[in-house]
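Read through the structure below, which is laid out as structure tokens, and then see the notes.
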Amino acid sequence: MTTHAVEQGEGPVVLLVHGYPETSHSWRHQLPALAAAGYRAVAIDVRGYGRSSRPPAVEEYAMGRLVADNVRVAEALGSDEVVIVGHDWGAPIAWTSALLRPDLFSALAMLSVPYAPPSLQPPTKVFAELFGDEAEFYMNYFQEPGRADAEAAEDVRWWLSGFYYGAAAGAPPEATRFAVVPKGQRMKDLMAQPEGEMAWLPPADLDHYVAEFERTGFTGGLNRYRNLDRDWADLAAFRGRPITVPSLFIGGDKDGPTQWGAGAIARFPETLPLLRGSHILEDCGHWVQQEKPAEVNALLLEFLAEVRPPA
């Protein structure tokens, strides 16, 4: 198993974990800022993405495997204490790393997805009950191997730009409807496209993502969703346990997971007893560190100065 990483700087290690559908490139604004402040900033391609290994079996993307990847990265860097930062799916990967190995991942920052302990029922069952028989929430839509994979591969640029545009601040309602797919319809056909370029994602950066996913396909990233219920069962012993390392949350006021997660955010005093800050950025969608890089960098550096100041 190979994990590709991009790094800048020297000092305490800050491990940056991306989400779907992204790569380590999503941290392009944070790497130089953290390095300039005296940190060794390391952004990985999560397994299944970019230049990292893409094993074929669905179970190879279980949460325990991804936490083990992070441990191996820390070992390869020669670090016995790491601050871990995750966005989107990277947030659950990061918080599970801190939950299982608080001795190694000594502080945690979550972007877009707030920490919530596991539900009492398997996640796919919860989503199915929420949306009934007439539609599928996108996480359930992704469960069928090959379905979304093939849709995305038909036109990688269309899929990515529709995903990025629909989840960013300023997207009209019709651009967001792909999150819930009526039975018998395709997610791809519900996506809208921006008129012109997205201010936060210049053409060169979109081109970078397109080239990477044209090369790798989407199955590795989608297999993460296909482990929802497996992770729920595997981590049952930790259900209800708070995260006991210093933590930070940053969300966007126009971001679906931040809005849906209002209840989880309200429970932070219980679930994140060492929380150092919870911030909702105005006029910000899901791609927090790319849409609002200056604000995110300032909050991350303030947090890092408290929990792991550079020498």
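For region 123-225, relative contact order (Cα pairs under 8 Å, six or more residues apart, normalised by length) works out to 32 percent.
About its Cα centre, the dipole of the chain is roughly 660 debye, where the only charges are +1 on Lys and Arg Cβ and -1 on Asp and Glu Cβ.
Residues L206, L201, L222 in ascending order of nearby Cβ atoms (within 10 Å, fewest first): L206, L201, L222. Backbone amide hydrogens, once placed in the peptide plane, bring A135 within less than 5 Å of K183, excluding anything fewer than 5 places away on its chain.
Stretching the chain fully between A311 and T2 yields a gain of 108.2 nm (0.36 nm per residue, less the alpha carbon separation).
Largest mean-square fluctuation among H87, H286, H208, in a Gaussian network model of the chain whose springs join Cα atoms under 10 Å apart, belongs to H208. Between the beta carbons of R177 and E302, assuming R0 = 41 Å, the FRET efficiency works out to 0.65 to the nearest 0.05.
Applying 0.36 nm per residue to the separation of L120 and E282 and subtracting their alpha-carbon distance, the gain on full extension is 55.0 nm.
Secondary-structure-derived ellipticity at 222 nm for the chain, considering helices only, amounts to -11000 deg cm²/dmol, per-run term -39500 (n - 2.57) for DSSP H runs with n ≥ 4. The lysines within cross-link reach of K292, meaning a Cα-to-Cα straight distance under 18 Å and a gap of 8 or more places when in the same chain, are K254. Rounded to the nearest 20, the Cβ-based charge dipole of region 140-236 about its Cα centre (Lys and Arg +1, Asp and Glu -1) stands at 320 debye. Between the listed residues F142, G217, P194, the Cα displaced farthest toward the positive end of the dipole of region 123-225, a dipole computed from Cβ unit charges relative to the Cα centre, is found at F142. For region 6-162, the Cβ-based charge dipole about the Cα centre amounts to some 440 debye (Lys, Arg positive; Asp, Glu negative; other atoms uncharged).
With viscosity 1.002 mPa s and temperature 20 °C, the Kirkwood radius over alpha carbon pairs of region 123-225 converts through Stokes-Einstein to a diffusion coefficient of 149 µm²/s. Just want the answer: with Cβ charges of +1 for Lys and Arg and -1 for Asp and Glu, which residue in H208, G166, G48 is farthest toward the dipole's positive end in the chain? After comparing all options, I get G48.
Extension gain, R186 to D155: 0.36 nm times the residue separation minus the Cα-Cα distance gives 9.8 nm. Excluding same-chain neighbours fewer than eight residues apart, the aspartates and glutamates reachable from K183 by a Cα-Cα span under 12 Å are D133, E134, E136.
Each part reduced to its alpha carbon centroid, region 4-71 and region 112-140 end up 26 Å apart. Take every pair of alpha-carbon atoms less than 8 Å apart whose residues are at least six positions apart; their mean separation over the length of the chain yields a relative contact order of 22 percent. Grouping the Cα pair distances of region 41-162 into 10 Å bins from zero gives a pair-distance distribution of 11, 35, 36, 17, 2, 0 percent in increasing distance order. For W89, W260, the sequence from fewest to most other C-beta atoms within 10 Å is W260, W89. With both labels modelled 7 Å from their Cα along Cα-to-Cβ, the R65 to A211 distance reads 2.8 nm. Residues M139, M1, arranged from fewest to most other Cβ atoms within 10 angstrom of their Cβ, appear as M1, M139. Once Lys and Arg get +1 and Asp and Glu get -1 on their Cβ, which of P182, S112, P92 lies farthest toward the positive end of the dipole of the chain? Of the candidates, P92 comes out farthest on the positive side. Can you work out the FRET efficiency for the pair L77 and R28, with r the C-beta to C-beta distance and R0 = 25 Å, to the nearest 0.05? After rounding to 0.05, the efficiency reads 0.80.
Values in this text are rule-based calculations from the coordinates and carry no lab data. Since this is a predicted model, take the numbers as computed values, not measurements. Here the Cβ is made from the backbone with ideal geometry for all residues, glycine too, and neighbour counts use every protein chain on show.
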